[in-house]
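Q: Pasting in a structure now, in structure tokens, and then I'll have a few things to ask.
The values are calculated or read from the model by the stated rules, or taken from the named source; none is laboratory data. Note that this is a predicted model, so its numbers are computed, not measured. Positions of Cβ are generated from backbone atoms using ideal geometry, with glycine treated the same way; all protein chains shown enter the neighbour counts. For accessibility, only protein heavy atoms count, side chains too; no ligands or nucleic acids. Shrake-Rupley method; radii C 1.70, N 1.55, O 1.52, S 1.80 Å.
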Amino acid sequence: MLRVLGVLFALGCVACSISSEQAPVMLRLVNTGLVSFDSVIVQFPEQREVFGSLAVQDTSGYRSVSTAYRYAPISAWDGNIEYRLQPIDYVGEQPLTGGRYRYELLSQTDATWLGLELVRE
């Protein structure tokens, strides 16, 4: 009995030592803008995620992302019109730690700019 408790304690300590930095970054999109998108693609440093269509006020499912920052290059299409957020680099930025996040996409019908707000959930 004592041996079983020792093993359970050891396993519990290993589980407790996993930090949020080792946990995956789970990210989803929320379209808080005025334009419905036929397709949304986010380019992370180590992977590209195609989120598909995203109507106004719609929320995508979570995606596991190996490395993400508070912003990312994003292309979204409404028919033949491309809305784009194109940051230059991540200088001075820190990668997101493990957990759940959402990128809130902002758009207007009279311009092709795309805004972004990161929210930790």
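Q: Checking the conditions here, which among Ala68, Ala23, Ala72 is among the aliphatic types (A, V, I, L, M) and at pLDDT below 95?
A: Of Ala68, Ala23, Ala72, the one residue that is among the aliphatic types (A, V, I, L, M) and at pLDDT below 95 is Ala23.
Q: Are any residues in the stretch 96-119 open to solvent by 80 Å² or more (accessible area, probe 1.4 Å) and either in contact (Cβ under 8 Å) with a residue 12 or more places away in the chain or of a type in the set (S, T, N, Q) (or both), and if so, which ones?
A: Answer for the stretch 96-119, where residues must be open to solvent by 80 Å² or more (accessible area, probe 1.4 Å) and either in contact (Cβ under 8 Å) with a residue 12 or more places away in the chain or of a type in the set (S, T, N, Q) (or both): Arg100, Thr109, Trp113, Glu117.
Q: Separate question: Do you know which of the residues in the stretch 64-95 that are more than 15 Å from Gln43 (Cβ to Cβ) and hydrophobic (A, V, I, L, M, F, W, C) is surrounded by the fewest Cβ atoms within 10 Å (Cβ to Cβ)?
A: Across the stretch 64-95, the extreme among qualifying residues is Val91.
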